[in-house]
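Notes follow once the structure below has been shown.
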Amino acid sequence: MLDENIVSAILGLKLSHGHPIPFLFTKSSELGKWVFDESVRYPLTKILIKIAQKYPDQKIGVVVRGCDERSLIELFKNYQLQKDKVIAIGIPCSQDLANRCRCERPFPSEIEDGEFAKPVEDYSDIEEVEKLPEQERFLYWMSQFGKCIKCYGCRNICPACFCPSCTLEDENLIKPGGMPPEIPIFHLHKAYHMADRCIDCGLCEEACPMGIPVRRLYRKVKKAVKDLFGYIPGENEDEKGPLEFLGDGSYELPGTGK
Amino acid sequence: MLSYETILTTCTYCGCGCGILLEVLDGRIIGTLPQKDHTITQGGLCIKGWNVHQFIYDQGRLKRPLVKRDGKFTETTWEEAIEEVATKLNRIKEEYGPDSICGLTSARCTNEENYIFQKWMRAVIGTNNVDHCARL
Ligand code: SF4
Ligand code: SF4
Ligand code: SF4
C-alpha cells in the first residue's frame, strides 16, 4: 500500500523496547518493526484525528478492530474524519478477547487475515447491578463514583469523544474544583453524552486508574437507546444518532470532515 | 513531512513514575497517552500525567540557571552557577559546621539520582540532614 502510493502512511503499532506503541509508518522499510498485539489497545482512530487535522489532504491507512471501525463510523458521521481519506485495515479479534470484552461485533466489516470470532451477547455485568434493590444500587454507584480522581482519562482515551469544549469541564453543569468531582452528575453527564455515540470498546474502563466500572454504565445507557430507538452507534453511517435533535451543538462542530 | 510517533517514557510529575507515551507530530510534542502495557500503572494516569506534555514548551519554563544579583534574577552559565553554590556552601560549612546545611531532594528525580544526592550530602557535605519533598 505504501509502495504503491495507495496511502501516504499507515497508523499502527510498532515494537519499541519490547512494547507495542502507536506509530505512523511512512516508509515500507519501517514495516519490520510492525506488531499487532491484541491485548494492548490504543485509540488509533482518535490519534488519526490529530494527524488528519494537520494533513487533511493525505490518505492514511489505519489498523482497525471491530470497535475501532465502529468509532471510525461515528467519527465520519460527526465530521471528525473524511471517509475518502481513510483506509481501514481490518483485523479480527480472537474469541478469547471477544469473550472478555463481551463484544457483540468482534470484527470489522472486512478483514485482511485471520478468522471471525463469534459475537458475544452477554449483559450479565449489567444484570448483576440491575437486580440489586434500588437503594443498594444507588449506593453501589455512588461508592464507585466517589473513587473518581477526575483524571478525565475516560474521556481522553475515548475514540468517540471529540468535542473541543467538553461538558465535563463546563462549570454551569458540573461544579468545578472538588475532589471527587460532583457525583453522580459528572459520570451521568458523560453517560448521557455517550448514549448515542459509545461504540462499547471499553477503553474508558481500562484507562480508569480507580477501577470504576464506567463501561458498565455506558453499556446500560447504550442498551436503553437500542431498546427505545432501535439505534446502535457505529453501525450505520447514514443513520444519525437519536439524541441529535436535542441540538447541544457538539454535532455541528467543525472537524476535518466538514 | 508527515511524521507521527510516540515515545515511551516516564511521567516526571511525581514519585509514582507512571508509564507514558509522548505523542510527537512532525517533531513537536502534542500530547500524552498512558502506556497501556506498563506492569505497574497498566494504562492509568492522573490528571497531571495526562497533561505532562504541556510544560515542555511553556514560556515560563526555566532553561538556564538564574543567579540573584542586586535583588534581580539574571541568567548565568551552569559553570558559574555551580561555582557560586559551591563557594557559598563551603563558606557556610567552615563557619557553622556541616550540620547547618540540609539537603532536600525530589520525587521527580530518579531513584539513582536521589541515591547519589544523599551520598553526596553524607560523604561530601558531611551531614545526615537529608529529606524529601514527599515528607515535607
Ligand atoms: S466504551 Fe468508553 S471509551 Fe469506548 S466509546 Fe464507549 S465511552 Fe468511549
Ligand atoms: S477515568 Fe475514572 S477516575 Fe478518571 S475521570 Fe474517569 S471515572 Fe474518574
Ligand atoms: S501520572 Fe500522576 S500519579 Fe502518575 S507519576 Fe505522573 S503525576 Fe504521579
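The values are calculated or read from the model by the stated rules, or taken from the named source; none is laboratory data. Predicted model, so just to flag it, every value in this text is computed and none were measured. Cβ atoms come from the backbone with ideal geometry, glycine included; neighbour counts cover every protein chain shown. To get the accessible areas, we keep the full protein, side chains included, count just its heavy atoms, and leave off ligands, DNA and RNA. Shrake-Rupley method; radii C 1.70, N 1.55, O 1.52, S 1.80 Å.
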From phi via Karplus (6.51, -1.76, 1.60), per-residue ³J(HN,Hα) for segment A:171-187 in Hz, x at Gly/Pro: 5, 6, 9, 10, 4, x, x, x, 9, x, x, 4, 10, x, 3, 3, 6
Over all residues in A:145-157, what is the mean tally of Cβ atoms on other chains that come within 10 Å of each residue's Cβ? 3
Using a Förster distance of 56 Å, how high is the FRET efficiency between B:Asn90 and A:Asp238, based on the Cβ-Cβ distance and rounded to 0.05? 0.15
Could you look at chain A and say what percent of its accessible area is carbon and sulfur, using a 1.4 Å probe and all protein chains? 51
Zone reached by a paramagnetic label modelled 7 Å from B:Leu2 Cα along Cα→Cβ, restricted to segment A:64-89 with backbone N below 17 Å, covers A:81-89
Amide H within-cut-off set for A:Lys14, under 5 Å, with H built and near neighbours excluded: A:Ile21, A:Phe23, A:Val35
So how far, in whole Å, is the C-alpha centre of segment B:34-75 from the one of segment B:1-29? 12
Output the direction-averaged projected area (hull surface divided by four) of the convex hull of the alpha-carbon atoms of segment A:206-247, in nm². 4.1
At 7 Å along Cα-to-Cβ for each site, give me the label-to-label distance between A:Lys220 and A:Ser124 in nm. 1.9
A:Ser8 neighbourhood, Cβ < 11 Å, K/R = +1, D/E = -1, net charge +2
Which loop-located trypsin sites (Lys or Arg not before Pro) does segment A:89-194 contain, where loop means any DSSP state but H, G, I, E or B and the Cβ has at most 12 other Cβ atoms within 10 Å? A:Lys131
Restricting everything to alpha-carbon atoms, can you work out Rg to Rh for the protein assembly as shown with a Kirkwood hydrodynamic radius? 1.05
Relative contact order (%) - criterion: Cα under 8 Å, at least six apart; region: chain B: 15
Once you keep just the Cα pairs under 8 angstrom separated by 6 or more residues, what percentage relative contact order results for segment A:124-235? 30
What's the buried accessible area, both sides, between A and B using a 1.4 Å probe, rounded to 100 Å²? 2300
Return the subset of A:Lys50/A:Lys85; A:Lys77/A:Lys222; A:Lys77/A:Lys220; A:Lys46/A:Lys85; A:Lys46/A:Lys220 for which the Cα-Cα distance in this structure is over 21 Å, preserving the input order. A:Lys77/A:Lys220; A:Lys46/A:Lys220
Check cross-link reach from A:Lys54 to the aspartates and glutamates: straight Cα distance under 17 Å, and skip same-chain residues fewer than eight apart. A:Asp84, B:Glu5, B:Glu23, B:Asp26
Counting only DSSP beta bridges with both partners in chain B, the antiparallel fraction in percent, to the nearest 5, comes to 85
Hits among lysines - C-alpha to C-alpha of B:Lys63 under 28 Å, sequence gap 8 or more where chains match: B:Lys48, B:Lys72, B:Lys88, B:Lys119
Evaluate the relative contact order of chain A (contact order divided by residue number), counting alpha-carbon pairs under 8 angstrom at least 6 apart; express in whole percent. 19
A student applying the Cα gyration tensor rule (rounded when a/c is under 1.5; otherwise prolate if a/b is larger than b/c, oblate if not) would label segment B:4-55 oblate
Using a probe radius of 1.4 Å on heavy atoms only, what accessible surface per residue do you get for segment B:1-98? Whole Å² is fine. 65
Non-local residues with an amide H under 5 Å from the amide H of A:Ile89, with H modelled 1.01 Å from N and Pro and chain starts lacking one, are A:Val62, A:Val63, A:Val64
Distance histogram in 10 Å bins (all Cα pairs of chain B, percent per bin): 10, 26, 31, 22, 10, 1, 0
Rounded to whole Å², per residue accessible area for segment A:130-194 with a 1.4 Å probe reads 54
Around A:Asp113, with a cut-off of 14 angstrom between Cβ atoms, what is the net charge of the other residues, counting Lys and Arg +1 and Asp and Glu -1? -3
Rounded to the nearest 10 Å², what accessible area does A:Met194 have for a 1.4 Å probe in the complete protein model? 10
